[in-house]
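What follows is a short report on a single structure.
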Amino acid sequence: MSTRGRVAIRFLLLGTCTLLIFSGCAGDTHHRLVVSLPDQQMLLLTDGKPVATYRVSTSKFGTGDREGSYATPLGHLCVREKIGNGAPLGEVFKSRKPTGEVLPPNAQCRDPIVTRILWLDGLEPHNRNAFQRCIYIHGTPQESLLGKPVSYGCIRMSSSDVVKIYGIVGNGTQVEISNEHLKSPVPKETGSTRSLP
């Protein structure tokens with residue numbers, strides 16, 4: 001590779017690192033999350049290797065990043081903040097604060113944010129509003145609806161699964177939300193979580 005090519009790559013890497021630092025997304029580089037809208041699944045990768053998949057629910061209003069659209073943004077984002085450490089499964093959050101109320105899975109006529117919140121920040125022009133729109137990965141009491149697009153923009157998970165993800169990934173973890181099917185080999189589902197060989 002020419003000297004000019006090496007310099008160009010260094011500037012590109014420096015620019016990417018600067019973008020991550022200024023967006024508040026520097027941190028965990030060992031984990032990555034890939035959310036597939038057609039599969040309604042999230043893949044966890046550790047050091048580039050697929051580890052597990054989880055059933056999720058994305059928006060029933062489709063994709064996008066416009067304020068008030070209730071759509072799920074596409075593209076590259078990151079975990080900017082983690083909220084809810086130590087809260088019991090089913091703890092209800094309002095404006096990212098625990099309320100003291102705890103709901104069981106599939107509580108009737110209830111649809112709050114529960115258990116844990118991973119607040120996402122967009123890294124591209126077409127998803128730059130994600131943080132101010134409060135796009136989260138979070139627990140839901142409506143676990144029977146996981147696997148279907150029923151959210152208001154966020155990525156919903158079961159309480160047990162979001163606790164696992166919360167404990168594994170750190171701030172700065174890269175999140176890709178895609179209209180593509182997951183490309184990694186995925187075994188038959190045995191529950192809400194699937195481990196990969």
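Among VAL35, VAL51, the order by Cβ neighbours within 10 angstrom, fewest to most, reads VAL51, VAL35. Sequence-distant contacts, meaning Cα pairs under 8 Å at least 6 residues apart, place the relative contact order of segment 44-197 at 32 percent. Each label was represented as a point 7 Å from its Cα along the Cα-to-Cβ direction; for ARG66 and VAL150 these points are 2.6 nm apart. Segment 44-69 and segment 97-148 have Cα centres lying 12 Å from one another.
Each of GLU91, GLU101, GLU67 has some number of other Cβ atoms within 10 Å of its Cβ, and from fewest to most they run GLU67, GLU101, GLU91. Summing charges over neighbours of GLN142, with a neighbour being any other residue whose Cβ is under 13 Å away from its Cβ, gives +3 when K and R count +1 and D and E count -1. Here segment 99-172 is treated as an ellipsoid with the same Cα gyration tensor; its semi-axes, largest first and in whole Å, are 22, 14, 11. Among ARG110, ARG116, ARG133, a tally of other beta-carbon atoms within 10 Å of each Cβ gives an order, fewest to most, of ARG110, ARG133, ARG116. Let me make sure I get this right: for segment 56-157, a, b and c are the square roots of the gyration tensor eigenvalues over alpha carbons, sorted descending. Under 1.5 in a/c it's rounded, otherwise prolate if a/b > b/c, else oblate. Which is it? Here segment 56-157 falls in the oblate category. Given R0 = 30 Å, the distance between the Cβ atoms of VAL51 and HIS126 translates into a calculated FRET efficiency of 0.60.
No value in this document is a laboratory result; all are computed from the given coordinates. Every value quoted in this text rests on a predicted model; they were computed, and no experiment measured them. Note that each Cβ is placed from the backbone with ideal geometry, even for glycine, and that neighbours are counted across all protein chains shown.
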